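A quick write-up on the structure given underneath.
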Amino acid sequence: MADAVNAKPVVIPALQQWTGGTGHLELTHRSRIVLAPEDVGALTPVASQLRSDLVEVTGLRALDVVHTDVTRAGDIVIGLDATAAVGPDTEVARAEGYTLDVGARATITSRTARGAFWATRSVLQILTGSGPRTTLPVGRTTDWPNYEFRGFMLDVGRRYFTPEYLRDYTTYLSWYKLNTFQIHLNDNAISAPDGDWSKAQSAFRLKSDNPRFAGLAADDGSYTRADWDAIEDNAAAHFVDIVPEIDAPAHSRAFIEFDANLGLSGGSSDHLDLTKPETTQFMKDVFSEFTPWFRGPTVHYGADEYPREYAAEYTQYFNEMAAHVRSLGKKAAAWGSFTVMSGTAEGHDRDVLINSWNNGWYGPTPALADGYDFVNTNDALLYIVPFASYYHGRGLDGPWLFASWTPRHFGGSNLVPEGEDSLKGAMSAVWNDLVDATYTQQDVHGLVEPTLGILAQKMWRGVEPGQTHERFMAGAGRLAMGPGIGVITPTLFHPGDPKVAVSLSTPPMMVAGASAVVDVTVRNNHDTALTRQAHGHPRGRGRAGPDRGPGRGRTTWAPAGPGRDVDLPDHRHGGSDVRQRRAHRHGDGHGRPCRHHRVGPGDRPDRGPGT
């Protein structure tokens, strides 16, 4: 009997094209990583990272990296070819596409080092999904991204995350071929406790040795130049661009705490006073001080949610800061706020990458009309505020994202036309609005992990025909977070996970075609907590409306510690051990209709993890 043709291997995001062969390539201790002598300078970082990662994935000793044109069976060969056919003739495919040809050896070809690196992520994922973790199926893939900006944002201004966590997240993003990590470096509590802004949480997270800025960095956690260099080093090794964000003139309490003269209302505010030229000069000095730390091509200067009565001053600030960022050698990026601020983008600098975060503040339709390059960061669909009663406090709606969302979708009727070049991609975001809530950086990861792979899939290529959400999530569970993760623990599980025990009570005698309610118990035998898994509701259930996101319902695996029984509780009782006699229950969704993240003082978290 002839050998079966190899099916497309499980990779997230899925491979664009695959032609299966027969048989497998076995990596052994004799396998090598081979670079042509003319590619050594460009590809040595790729080869070095692959060498390290293969040790963790395969258990083999570190493979030799050799510089030669002579290859042998079992090698992994990585090469650059400026004319290689790596996908459609688009700028993003040329920049990040690759081919992987597996036969007697595995041969990676790309036009760029970044494309070659993404190919190594596919190799590692294929190995991870194989039984022995040392075999690759014979076949050929051509793979490329559809969007150039594939990102994730983390608010460290309202809650400190360690440098090790940020390094891990850079590594994790690269596992899914996400190429942008925006770090929101300053912010403050949404409202002033008892009306007193001096009591409000605020933080700026970069700590300079320059006496000019002594006292600006937060006492509860900040990043030194050495910390930031280590984050940038890891980002470079994984071909991820760090986009640092220093947000002003709103969200600026940390700067006003540093110098009260910078603030409106005599300093009793979290808005800068842009009527004073020295305020804008101070912000220019901040960017001049810290931009030399930043290695990526883009720096984000915030520019959202300022009071409308200062629209003229806002426009001047927007333009001056865009020009200043460019003078420092960086591409400028900002949050879109023109519709609310002045009703139009007229008079505003057009050479700025815009995050379209809210359709009321500045949606995709005006961004297209005004000629901006922009990124989908739509709040109703892509914001997580951990454990809040708004903005997906329990994580994004995975089944809906899988079935319905693409980077072109901004909620409601806001759909960008197919092939629109000014839409650069998309970015999900975690905002830590609840500054007094008790949760950990690991808890935040537990909210992000169930949908990050889905978002990566949609930004890279879209869902494969015939693939289901359940099958996709099973693959995500098997692939986990990839090699090189230090302080974060994966929380997904997958069918067949030996440490997740599922038991059913014995149903009563039933006639043919009858159904019964049974007790379902899931026991977590892992050493760490598991993330709840979102499952879709039947079509037509739940509520939806323009700009409110999809209707939602779910069965929840509650976050439970090791060795605890969990019995499909309603998600409003996350962490509960209370058993319920039902195999499926629809929750009440993610909370209230999605809205702008500057919410009122009455908003509180619905439940923290394990409470």
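The values are calculated or read from the model by the stated rules, or taken from the named source; none is laboratory data. This one's a predicted model, so the numbers in the text were calculated from it and none came from an experiment. Positions of Cβ are generated from backbone atoms using ideal geometry, with glycine treated the same way; all protein chains shown enter the neighbour counts. What goes into the accessible areas is simple: the full protein's heavy atoms, side chains included, and nothing from ligands, DNA or RNA. Shrake-Rupley method; radii C 1.70, N 1.55, O 1.52, S 1.80 Å.
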Requested in this report: Among the residues of region 442-458, count how many are over 18 Å from GLY425 (Cβ atoms) and not β-branched (Val, Ile, Thr).
Outcome: 7
Report task. Within region 1-54, work out how many residues are within 25 Å of the chain's Cα centre (by Cα) and over 26 Å from VAL92 (Cβ atoms). Result -> 2
Requested in this report: Search region 359-386 for residues that are at positive phi and pair each with any residue that is assigned to a loop (DSSP other than H, G, I, E, B) and surrounded by fewer than 24 Cβ atoms within 10 Å (Cβ to Cβ) when their beta-carbon atoms are under 6 Å apart and the residues are at least 6 apart or on different chains.
Outcome: GLY371/ARG350
Requested in this report: Check whether at least one residue in region 414-437 is closer than 17 Å to TYR147 by Cβ, of a type in the set (S, T, N, Q), out of contact with any His (no Cβ under 8 Å at 6 or more places or on another chain) and part of a helix (DSSP H, G or I), and report yes or no.
Outcome: no
Report summary line: When region 375-418 is checked residue by residue, the ones that are over 18 Å from ALA456 (Cα atoms), under 19 Å from the mean Cα position of the chain (by Cα) and among the aromatic types (Phe, Trp, Tyr) are PHE387, TYR391
Report summary line: With criteria (1) in contact (Cβ under 8 Å) with a residue 24 or more places away in the chain; (2) under 26 Å from PHE472 (Cα atoms); (3) of a type outside the set (Gly, Ala, Ser), TRP431 comes up short on (2)
Query raised in the report: Which of the residues belonging to region 201-215 are open to solvent by 10 Å² or more (accessible area, probe 1.4 Å) and touching a strand residue (DSSP E or B) at 6+ places or on another chain (Cβ under 8 Å)?
Result: GLN201, SER202, LYS207
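Matching residues to (1) out of contact with any Phe, Trp or Tyr (no Cβ under 7 Å at 6 or more places or on another chain); (2) closer than 30 Å to ASP3 by Cα; (3) not aromatic (Phe, Trp, Tyr):
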site	(1), (2), (3)
GLU56	yes, no, yes
THR83	yes, no, yes
THR112	yes, no, yes
LEU124	yes, yes, yes
GLY131	yes, yes, yes
TRP144	yes, yes, no
Report task. Sort through ASP373, ASP379 and tell me the only one that's open to solvent by less than 10 Å² (accessible area, probe 1.4 Å) and closer than 27 Å to ILE242 by Cβ. Result -> ASP379
Requested in this report: Return the only residue of ALA106, ALA116 being open to solvent by less than 10 Å² (accessible area, probe 1.4 Å), over 30 Å from GLY419 (Cα atoms) and touching a helix residue (DSSP H, G or I) at 6+ places or on another chain (Cβ under 7 Å).
Outcome: ALA106
**Report entry** Options PRO364, PRO277, PRO292, PRO297: the member that is surrounded by fewer than 15 Cβ atoms within 10 Å (Cβ to Cβ) and in contact with a strand residue (DSSP E or B) (Cβ under 6 Å, 6 or more places away or on another chain)
**Finding:** PRO297
Query raised in the report: Pairs under 6 Å by beta carbon, first residue closer than 10 Å to ARG121 by Cβ in region 173-186, partner part of a strand (DSSP E or B) and modelled with pLDDT under 95, six or more apart or different chains?
Result: none
Query - Residue in region 272-290 that is of a type outside the set (Asp, Glu), in a helix (DSSP H, G or I), more than 23 Å from ALA312 (Cα to Cα) and modelled with pLDDT of 95 or more present - result: yes
Report task. Sort through ARG408, ARG461 and tell me the only one that's surrounded by fewer than 20 Cβ atoms within 10 Å (Cβ to Cβ), modelled with pLDDT of 95 or more, of a type outside the set (Ser, Thr, Tyr) and farther than 30 Å from ARG158 by Cα. Result -> ARG461
Query - region 150-199, subset buried (at least 24 other Cβ atoms within 10 Å of the Cβ) and of a type in the set (Phe, Trp, Tyr), residue farthest from GLY97 (Cα to Cα) - result: TYR169
Query raised in the report: Considering region 140-170 alone, what residues qualify as being among the polar types (S, T, N, Q) and closer than 30 Å to SER252 by Cα?
Result: THR162, THR170
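Residues are listed down the side, and each one gets a yes or a no for (1) at pLDDT 95 or above; (2) open to solvent by less than 20 Å² (accessible area, probe 1.4 Å); (3) under 22 Å from VAL240 (Cα atoms):
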| site | (1), (2), (3) |
| --- | --- |
| ASP3 | no, no, no |
| THR19 | yes, no, no |
| LEU25 | yes, yes, no |
| SER31 | yes, yes, no |
| PRO37 | yes, no, no |
| ARG51 | yes, no, yes |
| LEU54 | yes, yes, yes |
| VAL65 | yes, no, no |
Query raised in the report: In region 306-358, how many are open to solvent by less than 10 Å² (accessible area, probe 1.4 Å), in contact with a Leu (Cβ under 6 Å, 6 or more places away or on another chain) and not aliphatic (A, V, I, L, M)?
Result: 1
